[in-house]
1. Would the range 38-51 turn up any residue that is basic (Lys, Arg), in a loop (DSSP other than H, G, I, E, B), out of contact with any Lys or Arg (no Cβ under 6 Å at 6 or more places or on another chain) and more than 24 Å from residue 285 (Cα to Cα)?
2. For residue 282, which of the numbered conditions (1) buried (at least 23 other Cβ atoms within 10 Å of the Cβ); (2) free of Cβ contacts under 8 Å to residues at least 40 places away in the same chain fails to hold?
3. If I ask for residues that are out of contact with any Asp or Glu (no Cβ under 8 Å at 6 or more places or on another chain), surrounded by fewer than 16 Cβ atoms within 10 Å (Cβ to Cβ) and touching a residue at least 24 places away in the same chain (Cβ under 8 Å), which ones from the range 25-56 would you list?
4. Does the range 257-276 hold any residues that are of a type in the set (S, T, N, Q) and more than 17 Å from residue 12 (Cβ to Cβ), and which are they?
5. State all residues of the range 13-24 that are in contact (Cβ under 8 Å) with a residue 60 or more places away in the chain and within 22 Å of the chain's Cα centre (by Cα); if no residue qualifies, say none.
6. Could you run through the range 105-140 and say how many residues are buried (at least 21 other Cβ atoms within 10 Å of the Cβ), touching a Lys or Arg at 6+ places or on another chain (Cβ under 8 Å) and farther than 26 Å from residue 54 by Cα?
7. Only residues that are small (Gly, Ala, Ser), surrounded by 15 or more Cβ atoms within 10 Å (Cβ to Cβ) and out of contact with any helix residue (DSSP H, G or I) (no Cβ under 8 Å at 6 or more places or on another chain): list them for the range 210-268, please.
8. Just the residues that are part of a helix (DSSP H, G or I) and under 23 Å from residue 168 (Cβ atoms), please, taken from the range 216-238.
Amino acid sequence: MSLEAFLFRRNAGKSDKLRDSRIPLPDGVTECRNISYDQYGKWSQLDVYYPDGASGQLPTIVSIHGGGYVYGTKEIYRRYGMELARHGFAVVNFNYRLAPKWKFPTPIYDTNTVMGWICKNALRYHLDPSRIILVGDSAGAQLVSQYAAIVTNPDYAALFQLNVPGITIRCLGLNCGMYDMTQRAASPRKGVQLDYLGKRLPDDDPRFRVMESITGSYPPAYITTACKDFLRPCAKPMYDFLTEKGIDAAWKCYGTEDNADVGHVFHVNIILPEAIACNEDSISFFRKHL
C-alpha cells in the first residue's frame with residue numbers, strides 16, 4: 001500500500017467516525033444487516049434498508065461507497081442509506097473488495113454480483129430490479145458511471161467479460177465524482193492511483209474509455225458537487241457531456257466558498273442543511289424517472 005493510501009485511510013477513518021458519532025440513526029426504517037452476497041467474508045456483505053411496514057417491491061437505490069478505491073465500508077454510509085430509505089425506497093448498501101489487494105476492475109465485478117443478488121432476493125427484501133437507481137460519491141461515483149455504461153452498452157460489457165443480470169437502471173446519482181478515466185490513465189500513476197490500477201495496465205486499456213462507451217441508452221443522471229469539493233471541476237463537464245448526447249441530466253453545486261463543512265461528499269453528513277437540500281433534490285430527480 002502506498003503512503004498516500006495509508007494516510008488517507010487513517011485520516012478519513014477518524015473524520016468519518018467523528019461525523020457519524022454526531023448523527024442519530026434515522027427513525028422509521030427497517031434494517032437487514034450483514035447479508036453475504038459472495039464468498040469474500042466482510043468484503044462481500046451488504047445491508048438492505050426499507051421503510052417500516054413496507055409491502056411489495058419498492059424502487060431500489062443501490063449505493064456504491066467512495067474512498068479512493070482503497071478505503072470505505074457500508075458502515076460509513078449506513079445513516080445516509082437509511083435516510084434515503086425513509087423517503088420510500090429500498091436501499092442496498094454494500095461492501096466491495098478494496099485496493100491494493102484487489103485491483104481494477106474488482107469493484108465492478110462485485111457490483112455486478114450485487115445486482116444478481118438483488119434479482120434473486122427481490123421479493124424477500126422489497127427490491128425491484130426493474131427500478132434500480134445507482135448512487136455513488138467520489139470513487140463510488142466513478143464506479144456508478146462506469147457500471148451504468150457497462151449495463152447500457154453490450155460492446156463495453158464484453159470488454160469486462162460480464163453477464164449483466166436482468167436489471168433496469170432508471171437513473172443515477174453522481175456525487176462529487178471523477179468520471180473521465182482516460183485523464184487518470186494518462187497521468188503519472190502514483191499513490192492511490194497505482195494502488196487501484198496497478199503497474200501492468202497500459203494507459204490505453206479500452207476499459208478506461210468510459211466516456212466513449214456512453215450511448216444514448218445511458219440513464220438520466222443527477223450530478224452534485226460543492227464549492228469546497230476538490231473534484232468540483234469534474235461535475236459540469238460531465239453534465240455537458242451527457243446533455244450533448246441527449247441524456248437527461250441536471251447538476252448543482254452546493255454551499256459557499258466560505259463554508260468548509262460543505263466539501264467533498266458533504267451529502268453523507270445528513271444533518272447538514274446543504275446535505276438535506278442535496279438529498280431532497282436528488283430524490284426529486286429520481287422520482288421523476290421512475
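The values are calculated or read from the model by the stated rules, or taken from the named source; none is laboratory data. For clarity, every value in this text was computed on a predicted model and none was experimentally measured. For neighbour counting, all protein chains shown are included, and Cβ atoms are generated from backbone atoms with ideal geometry for every residue, glycine included.
1. no
2. (2)
3. Residues satisfying the conditions are 25, 27, 42, 52, 55, 56.
4. 259
5. Once the filter is applied, which keeps residues that are in contact (Cβ under 8 Å) with a residue 60 or more places away in the chain and within 22 Å of the chain's Cα centre (by Cα), the range 13-24 yields 16, 19, 23.
6. Going through the range 105-140 one residue at a time, the tally reaches 3.
7. Those that are small (Gly, Ala, Ser), surrounded by 15 or more Cβ atoms within 10 Å (Cβ to Cβ) and out of contact with any helix residue (DSSP H, G or I) (no Cβ under 8 Å at 6 or more places or on another chain): 235, 263.
8. The one that is part of a helix (DSSP H, G or I) and under 23 Å from residue 168 (Cβ atoms): 238.
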